[in-house]
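Asker: To start, I am sharing the structure in question, which I have written as structure tokens.
The values are calculated or read from the model by the stated rules, or taken from the named source; none is laboratory data. Being a predicted model, the structure only gives us computed values, none of them experimental. Reconstructed Cβ throughout: ideal geometry from the backbone, glycine too, with neighbour counts over all protein chains shown. What goes into the accessible areas is simple: the full protein's heavy atoms, side chains included, and nothing from ligands, DNA or RNA. Shrake-Rupley method; radii C 1.70, N 1.55, O 1.52, S 1.80 Å.
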Amino acid sequence: MRVDPAVVLSVAATALGAVGTFLGYLYLRSRNARDDLKAETTARALAKAAADTAHNLAVAAQVAADAVAAEVRGLRSEVTAQESRVSILESKMEVFWRNVAFDVSKILHSPHPGWESLDALLEKFQVAEISAAEMADLETQLRDMVEGRWSPADVTRADQVAASLLLRAIEQTRV
């Protein structure tokens, strides 16, 4: 049997064409795979960069938060120390104003005629047995004395200053 060379060439050309097509297909697949690999590598690099940035920001935020927490702890201890000092100062000032009130009430206590009502209130004030109504009456009489409206005429400037101090002391011990 004789094989026609044209048929052989036709079959060979067809086979070569099929092989070429197959090689072209493989080339396209490898090229697409390479492009996909590049894209995936780029995406991974971007994701890693984003993750690294987020991590660095988180670390920086933690450092800042720790610094703020330390500052707050420092401020709290300062506030506690200041509160302690203020409390001591308030106690001392309360004692001071009570002493002023007691001493000034002794200065104002007078055996003068017409001062009996004030003297009785001052005596109750000195022993801390004065009611709220009596305290209001004492404050009214002292204000009248300071402002020159008190009925006994023998009020001196020293009495007015003492009454003013006693009013201030009463206000300070009330607060």
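Asker: Surrounded by fewer than 11 Cβ atoms within 10 Å (Cβ to Cβ) and at negative phi - does that describe any residue in the range 159-172?
Answerer: no
Asker: Does ARG34 satisfy the criteria of being in a helix (DSSP H, G or I), of a type in the set (Lys, Arg) and open to solvent by 80 Å² or more (accessible area, probe 1.4 Å)?
Answerer: Answer is yes for this residue.
Asker: Can you tell me which of ALA51, ALA18, ALA13 is within 60 Å of the chain's Cα centre (by Cα), of a type outside the set (Phe, Trp, Tyr) and open to solvent by less than 100 Å² (accessible area, probe 1.4 Å)?
Answerer: Unique residue meeting the criteria: ALA51.
Asker: Still on this structure: In the range 101-175, which helices (runs of 4 or more DSSP H) lie fully inside it and hold 2 or more residues that are under 30 Å from LEU89 (Cα atoms) and touching a residue at least 40 places away in the same chain (Cβ under 8 Å)?
Answerer: Details: elements: 116-126, 132-146, 157-174.
So the answer is 157-174.
Asker: What are the residues in the range 89-110 that are within 36 Å of the chain's Cα centre (by Cα) and open to solvent by less than 90 Å² (accessible area, probe 1.4 Å), if any?
Answerer: SER91, MET93, GLU94, VAL95, TRP97
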